[in-house]
Amino acid sequence: MERKRKLDVGGAGSSSVAAAVDAKKAHVVSRMNPWTGQPYSQKYYEILTKRKTLPVHQFLQELLSKVAANQVVVVEGETGSGKTTQIPQFLVEAGYGQVGQFSVACTQPRRVAAMSIAQRVSDEMDVTLGDIVGYSIRFEICTSQRTILNFMTDGMLLREAMNDPMLAKYKCIVLDEAHERTLATDVLMGLLKEVLKRRPDLKVVVMSATLDAGKFQTYFDSAPLLKVPGRMFPVEIFYTPEPERDYVEAAVRTVVQIHRCEEPGDILVFLTGELEIETACAQIRSECAQFAGSETVGEVMVYPLYSSLAPQAQQKIFRDAPGPKYPGGPPGRKVVVSTNIAETSLTIDGIVYVVDPGFSKQKVYNPRIRVESLLVSPISRASAKQRSGRAGRTRPGKCFRLYTERSFQEELLEQTYPEILRSKMSTVVLTLLKLGVEDLVHFDFMDPPAPETLMRALELLNYLGALDDEGCLTEIGSQMSELPVDPQLAKMLIASPDYNCSNEILTIVAMLSVPQVFMRPKEAAKEADAAKAQFAHMDGDHLTFLNAYHAYKQNDGNKDWCFNNFINTRSMGSADNVREQLSRLMQRLNLPLKSTEFTNRDYYTNIKKALCAGMFMQVAHRERSDHYLTVKDNQIVGIHPSSALDSKPEWVIFEEFVLTSKNFIRTVTAVQPEWLVEIAPHYYDLSQFPECEAKHALEAVYRRMLNRQAKAD
Ligand code: CDP
Ligand code: MG
């Protein structure tokens, strides 16, 4: 069926708005789906009825006129009011997306949200995911030539801007969840401000939960606001009288209590990460199993929700709660145990009880010691309010805060600091330079990052050879920016052909880019360790990853093999996919794919040297006291217990600095100091070195090298 309506999106007036609406009505009357040319399905009508009850529905006209009359519009609305699912869709229907010409992008801070919402909107529009509606997240693009509505992570849109600085393929960009103030969204806002000046036809809609809309309006030169009033039922808040010592255990206990004693209604629990969530789910299941067969307590279905979960498993959270087991019996209950993603990004209907222990994993960056980590930290009051709001969407609810009222009032911050103030900036700086933004200090950040953080980023990029001493992007830097991994890993990939091991480095980088490969369930920790030991390489974890990948390929990715060897099949599948994509990028950058013969004695040495080419700034030295100190920053660290290293080599490179009660370095490999000074003499310039044992050791290395050279001469 021909799509008749067309909107003059440049200077659209109200007549074209009306035309769009007429056309929309016409579709309903004709009962034909204009996107597929097929009659609408039953499911479409079912969802349509629900969609029409969303608060945002009544404001769609107003939104269209505002968008027609302004380049930037800010939309503020209670979570669950229908912003994400309805507004981008409506913009597409109004003509801001035209097959084969231009499209609408909607950014999301989280991968899971991008995928899940794209699926939902496809269902709402009665189309197949990946056709008219798609999603793009790092290493996974599910779109087609026909896609006109693309849900993408903010980071992906930033990457697209590198190759298409005017974002020419989009007529309208919706920045969703702007209140989250992720690093990528903040940078996008700064870029869009520039692009908007040069593209008068481009529209931007900034959407946020009820926080700080004024700040966005001011930032975008007094952009108009569309406020969507939410429909909220009262939520009763309960605090614990005393602080809880173990919040996971307290959360489980609270869920069981609610299930036994409270009226029907589903439960949403906020925890911080995969391991915690899986543990809590198992405990809730087992404790609730005690009531099986009880006449007064119904069944529970417990679903986890976190980013590394398989998409099918993620969709399960939207299932209905189980019914009564026998006619007239007590109804069942759904329990969703989720990370922060359910705070504002995804709305689950039917939640009446919220259990909020008051923590989430948050990024922190310490520029002094150059360490960025994810730390379980107390949430802000704003987050706590969002979380409790999830209980009052369909009827009055209850929120159980597992902390004291005093701590809510006095200890929690009003709002979380924007991520840009808590992150390292190396990737962003590289991206901005590639985009031609040279004056970083005057770039219009909504909240400018700390000067020290910017300096650290420039310094790192300079050491890696991505920037010259004037701060300009080099050829290598330009290549690095094309590879969607951390600058250190990008450098490793680019250097790898020089060491005859690009195939192997590709594998290692791919393995480092996916979630947990080696599984270690608590109840089978011993077996899991024994399984991992088969792949262990005595020189460390990078080579252990390589061994595991080779074994996986030798077994053709067989699922049973993975299961028996405690290997996460899904992660390995992702690693394969990431490897494939990176290898295509390498070829495009004319970086040859090479290997050293396995029988050659330099096979592993070459790989370790290539690792050093990227990681020479992440090195630790074993002191006489047997402790490791990070080189230059002099932080005391221990090798993480998960490491495959069985000795304590004097020099190691590490991938990650883990801050817990004790500082650990994780993913560690033994290296030779000679390689470090050869590969990065500028970094290992001893005149710039703090006094420490490592310095003395390096002096000896330099002396040995000079002697050797003198002998050779
Ligand atoms: O973006 P906002 O928080 O304003 O709301 P939304 O994500 O657009 O969600 C609107 C409504 O769509 C929710 O209240 C859910 O009822 C429904 N929805 C759903 O049923 N299943 C999904 N996968 C996503 C949304
Ligand atoms: Mg939303």
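Gain in length, ASN590 to ARG198, computed as 0.36 nm per residue apart minus the alpha-carbon separation, to one decimal in nm?
My answer for the length gained is 137.8 nm.
So if I average 1/r over every pair of distinct C-alpha atoms in the range 564-693 and take the inverse, what Kirkwood radius in Å does that give?
Numbers: mean 1/r = 0.0589 Å⁻¹.
It works out to 17.0 Å.
Residues with amide H under 5 Å of ARG333's amide H, sequence separation 5 or more or different chain, H placed in the peptide plane at 1.01 Å from N; which?
It is GLU299, VAL300, MET301, by chain and number.
What do you get for the angle between helix 60-69 and the principal long axis of the chain? Use alpha-carbon atoms, 0 to 90 degrees, nearest ten.
60
Amide H neighbours of ILE237 under 5 Å, at least 5 residues apart or on other chains, H built in the peptide plane: list them.
So ILE237 has HN proximity to CYS399.
How high is the FRET efficiency from MET32 to ALA310, r the C-beta distance, R0 41 Å, rounded to 0.05?
Given R0 = 41 Å and the Cβ-Cβ separation, E is 0.75.
Hey, how many Å between the Cα centroid of the range 345-417 and the Cα centroid of the range 613-650?
35
Mind giving me the FRET efficiency for LEU706 and ARG601? R0 is 22 Å, r the Cβ-Cβ distance, nearest 0.05 is fine.
0.30
If packing is taken as the average count of other Cβ atoms within 10 Å, what order do 404-410, 392-398 fall into, highest mean first?
Order by mean packing, descending: 392-398, 404-410.
Given points 7 Å out from each Cα along the Cα-Cβ axis, report the GLU262 to ALA533 separation in nanometres with one decimal.
Using points 7 Å along Cα→Cβ, the separation is 4.7 nm.
Taking every DSSP beta bridge with both residues inside the chain, roughly what % is antiparallel (nearest 5)?
So the antiparallel bridges in the chain amount to around 40 percent.
Distance check, please: which entries in LYS197/LYS424; LYS171/LYS334; LYS522/LYS662; LYS398/LYS526; LYS169/LYS424 exceed 32 angstrom between their Cα atoms?
Where the Cα-Cα span goes over 32 Å, the pairs concerned are LYS171/LYS334; LYS398/LYS526.
I need the Debye-formula profile for the range 170-313: one equal scatterer per C-alpha, no solvent, reported as log10 I(q)/I(0) at q = 0.09, 0.15, 0.18, 0.19 1/Å, two decimals.
Those come out to -0.51, -0.94, -1.09, -1.14, one per q.
How far apart, in nm, are two points set 7 Å out from the Cα along the Cα-to-Cβ line at VAL364 and at LYS648?
Simple spin-label model gives 2.7 nm for this pair.
Given 20 Å bins starting at zero, what is the percent of C-alpha pairs of the chain in each, up to the one with the largest pair distance?
16, 47, 32, 5, 0
Output needed: percent of Cα pairs per 10 Å distance bin for the range 479-573, bins running from 0 to the one holding the longest distance.
Cα pair-distance distribution for the range 479-573, in percent: 16, 44, 29, 11, 1.
³J(HN,Hα) across the range 683-695 via Karplus (A = 6.51, B = -1.76, C = 1.60, θ = phi - 60°), whole Hz, x for Gly/Pro?
Going residue by residue, I get 7, 9, 6, 5, 5, 9, 9, x, 4, 5, 4, 4, 4 Hz, with x marking Gly and Pro.
Taking amide hydrogens as modeled 1.01 Å from N in the peptide plane, which residues meet the under 5 Å criterion relative to GLY638, leaving out close sequence neighbours?
The list, which skips near neighbours in sequence, is ASN663, PHE664, ILE665.
Hey, any idea what % of the range 485-639's accessible area is carbon plus sulfur with a 1.4 Å probe?
46
Students often get this wrong, so check it: of LYS491/LYS632; LYS609/LYS648; LYS559/LYS608; LYS434/LYS491, which have C-alpha atoms separated by over 23 Å?
LYS559/LYS608
Any chance you could look up the accessible area of HIS550 with a 1.4 Å probe, heavy atoms only, rounded to 10 Å²?
70
Compute the acute angle (0 to 90°) between the alpha-carbon long axis of helix 111-125 and the principal axis of greatest extent of the alpha-carbon atoms of the chain; round to the nearest 10°.
The answer is roughly 30 degrees.
Got a sec? What order do MET152, MET538, MET446 fall in by accessible area at 1.4 Å, biggest, i.e. largest, first?
Numbers: MET152 0, MET538 135, MET446 25 Å².
From most exposed to least exposed: MET538, MET446, MET152.
So for LEU421, LEU432, LEU275, LEU54, what's the accessible-area order with a 1.4 Å probe, most first?
LEU275, LEU421, LEU54, LEU432
Could you give me the ³J(HN,Hα) list for the range 603-614, computed from phi with Karplus coefficients 6.51, -1.76, 1.60 and θ = phi - 60°, whole Hz, x at Gly and Pro?
With the stated coefficients, the range 603-614 comes to 3, 6, 4, 4, 5, 5, 5, 5, 4, 4, 4, x Hz.
Taking the 0 to 90 degree range and rounding to the nearest ten, how far is the long axis of helix 183-198 tilted relative to the main principal axis of the chain, both from C-alpha atoms?
70
Find the accessible area per residue for the range 162-286; the probe is 1.4 Å, ligands and nucleic acids are left out, and the unit is Å².
Computed with neighbouring chains in place, this is 44 Å² per residue.
Could you order TRP675, TRP651 so the one with the most accessible surface comes first? Probe is 1.4 Å.
Reading off the accessible areas and sorting them downward yields TRP675, TRP651.
Between ASP713 and GLN688, what length comes free when the chain is fully extended (0.36 nm per residue of separation minus the Cα-Cα distance, one decimal in nm)?
Numbers: separation 25, 0.36 × 25 = 9.00 nm, distance 2.87 nm.
My answer for the length gained is 6.1 nm.
What are the ³J(HN,Hα) couplings of the range 654-659, residue after residue, when phi is run through the Karplus curve with 6.51, -1.76, 1.60 and θ = phi - 60°? Round to Hz, x for glycine and proline.
These are the phi-based 3J(HN,Hα) values: 9, 7, 9, 10, 9, 8 Hz.
Accessible area of the range 176-303 with a 1.4 Å probe: how many percent of it is carbon plus sulfur?
Reported share for carbon and sulfur atoms: 52 percent.
First measure r as the distance between the Cβ atoms of LEU375 and GLN145, then evaluate 1/(1 + (r/R0)^6) with R0 = 41 Å and state the FRET efficiency to the nearest 0.05.
Numbers: r = 43 Å, r/R0 = 1.05.
My answer for the efficiency is 0.40.
Would you calculate the separation in nanometres between label points at LYS215 and LYS526, each defined as 7 Å from the Cα along the Cα-to-beta-carbon direction?
Placing both labels 7 Å beyond Cα along the Cβ direction yields 5.3 nm.
The values are calculated or read from the model by the stated rules, or taken from the named source; none is laboratory data. Since this is a predicted model, take the numbers as computed values, not measurements. Cβ sites come from the backbone with ideal geometry, for glycine too, and all protein chains shown count toward neighbours. Surface accessibility is based on the protein's heavy atoms, side chains included, excluding ligands, DNA and RNA. Shrake-Rupley method; radii C 1.70, N 1.55, O 1.52, S 1.80 Å.
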